[in-house]
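First comes the structure, then the notes that go with it.
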Amino acid sequence: MKRRRILLSSAILMAALVPGFAGAVTGADLPVAITVDLKQPGAVISPDFSGLSFEAAILLPGPNGVHYFRPDNQPLINLFHTLGIKSLRIGGNTSDRNAGQLPDEGDLDSLFAFAKAAGVKIIYCLRLHGGDPQADAVTAKYIMAHYAPLVDGFSIGQEPSAYPKPYSYADYRKDWKTFADAIVAAVPGVKFCGPGVHNNAAWARNFMADFGRSNHVVLVTEHLYAGGAGNKVPSPETGRDRMLSDGFVRVYQRLHDGFVPMAVSNALPYRLEEVNNYFNGGARDVSNTFASALWGLDFTYWWAAHGAAGLNFHTGDRVAAENSLLPSKYTAFYSATNGYVVRPLGYAIKAFDLGSRGRFVPMTWANPQHLNLSPYAVLGGDQNVYVTLINKEHGAGARTAVVSILQKGMSFADGWSISLSAPENDVAAIASETLGGASIQTDGTWNGQWAPLNAIKSNPDAAFLVKVPAASAVIVKLTKN
């Protein structure tokens with residue numbers, strides 16, 4: 001313990017002595033020490049982890065007769081590639097209980113032509129509430145007959161636990177089986193996922209008990225908006241504080257503990273197929289701020305580290321809020337005349353893509369001052385080590401972390417870093433955020449740069465020192481000797 005205190009207190013001194021270290025070190029900069037151990041790498045992060053979720057209504061042609069998802073929408077295709085999106089889920093309330101006009105074959109053709117160009121697979125929600133089993137069977141048969149390689153699976157119903165009461169799990173079980181049997185009769189090779197409920201572990205457990213060992217079920221799905229209703233947030237400051245607090249993490253943990261152990265015991269992968277911070281379209285001056293970038297990056301890594309097969313951020317220009325389609329405050333990007341404007345959450349998705357292509361590695365860390373800091377370490381498929389550091393400190397008294405990355409039985413040859421930041425490190429910022437010193441352009445391209453780090457030569461245990469200002473994140477890339 002004494003040696004650790006000496007090492008930590010010396011981190012600040014080393015920062016001051018390292019030539020080229022970015023930023024002056026002050027008394028408000030607090031030391032954190034991280035040790036990564038590459039001897040026993042852990043679980044692989046699925047290459048299909050990052051996904052987006054859209055309302056089914058977006059498949060319908062716009063007022064000009066043009067589809068949103070179409071094979072010649074190059075800015076959107078570029079953006080999917082830039083963000084690393086591999087999963088596209090079509091659902092939301094407009095696929096089910098608030099469905100008006102459902103997509104026809106031409107709409108589906110346009111969707112799947114886009115999916116092929118963008119390199120994504122589709123999770124498609126079929127209507128259950130007020131729906132027709134035979135009509136769903138016709139839709140599934142058409143999709144599988146023409147686009148089977150681009151399909152991950154079908155869900156039946158959108159958040160059935162929230163259907164108008166009285167509607168119980170027993171009702172759902174009966175209805176689901178009726179619809180599934182009709183679809184399987186038409187498409188014997190169909191794959192299902194479910195139950196697609198919001199923050200309801202009991203329904204997921206019941207679904208696995210009833211259908212998880214048969215019935216073509218290949219994936220367990222949940223939805224999560226950890227903050228609850230966006231229109232009930234008392235103030236923007238409170239909403240942002242909650243988003244960056246341990247309170248949100250406790251919501252994740254309760255949901256995880258409620259159904260994931262059963263999924264693991266049944267060898268069923270699970271995915272959060274619809275997520276964001278606050279539902280009903282998000283919270284004003286909260287869901288669209290830089291706080292959502294820090295939250296989104298941490299949220300994504302948290303679920304990846306807890307074994308999820310992936311997650312899909314619900315997004316789009318307009319999203320369902322109860323019975324209405326309203327402008328989305330939590331969207332990762334929105335349409336502009338010449339492409340798409342990426343909001344802070346989109347930057348979080350890109351930051352995750354930069355540091356998550358590999359498998360988690362064990363990590364120990366010392367954080368004696370209890371900074372609101374989240375670290376994650378990944379051994380990349382390129383054999384580089386990626387350490388993502390998310391400093392969620394914000395507001396008055398927010399503190400900067402000076403992180404020394406320590407070596408245990410290994411040595412690193414070179415180091416680089418990329419920073420995710422907003423103007424003046426303001427979590428309330430809604431524009432001008434950057435990643436690697438660059439913005440994501442409206443044509444979907446990004447030209448951010450890795451900056452070199454200076455190695456610490458004076459201490460055999462320490463490889464590199466990284467300054468992570470309050471309300472920012474840094475991705476560190478280390479090359480082994």
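The values are calculated or read from the model by the stated rules, or taken from the named source; none is laboratory data. Remember, predicted model here, so these are calculated numbers, not experimental data. As a convention, Cβ positions derive from the backbone with ideal geometry for all residues, glycine included, and neighbour counts pool all protein chains shown.
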Answer residue from segment 337-346, given it is touching a Pro at 6+ places or on another chain (Cβ under 9 Å) and assigned to a strand (DSSP E or B) and is nearest to Thr434 (Cα to Cα) among those: Tyr340
Checklist (1) surrounded by 21 or more Cβ atoms within 10 Å (Cβ to Cβ); (2) within 30 Å of Phe179 (Cβ to Cβ) applied to Leu297, failing item: (2)
Residue among Ile90, Ile34, Ile77, Ile58 that alone is closer than 30 Å to Lys480 by Cβ and among the aliphatic types (A, V, I, L, M): Ile34
Residue in segment 347-378 that is farthest from the chain's Cα centre (by Cα), counting only those that are assigned to a strand (DSSP E or B) and under 18 Å from Phe290 (Cβ atoms): Leu373
Helices (runs of 4 or more DSSP H) wholly inside segment 53-171 containing at least 1 residues that are charged (D, E, K, R): 105-118, 133-147
Number of the exception - Leu465 against (1) hydrophobic (A, V, I, L, M, F, W, C); (2) modelled with pLDDT of 95 or more; (3) part of a strand (DSSP E or B): (2)
2 or more residues closer than 21 Å to Gly448 by Cα and in contact (Cβ under 8 Å) with a residue 40 or more places away in the chain: qualifying strands (runs of 3 or more DSSP E) within segment 379-436: 385-391, 412-421
Filter result for Arg89 (surrounded by 22 or more Cβ atoms within 10 Å (Cβ to Cβ), in contact with a Phe, Trp or Tyr (Cβ under 9 Å, 6 or more places away or on another chain), under 17 Å from Val319 (Cβ atoms) and not hydrophobic (A, V, I, L, M, F, W, C)): yes
Unique match (being surrounded by 15 or more Cβ atoms within 10 Å (Cβ to Cβ) and more than 22 Å from Val32 (Cβ to Cβ)) among Ile475, Ile440: Ile440
Filter result (over 30 Å from Tyr252 (Cβ atoms) and surrounded by fewer than 23 Cβ atoms within 10 Å (Cβ to Cβ)) within segment 180-198: Asp181, Ala182, Val184, Ala185, Ala186, Val187, Pro188, Gly189, Val190
Which numbered condition Val44 misses (of (1) at pLDDT 95 or above; (2) among the hydrophobic types (A, V, I, L, M, F, W, C); (3) buried (at least 16 other Cβ atoms within 10 Å of the Cβ)): (3)
Qualifying residue in segment 233-240 (condition: of a type in the set (Lys, Arg) and surrounded by fewer than 22 Cβ atoms within 10 Å (Cβ to Cβ)): no
Matching residues, segment 121-169, being closer than 12 Å to Asp96 by Cβ, over 30 Å from the mean Cα position of the chain (by Cα) and among the charged types (D, E, K, R): none
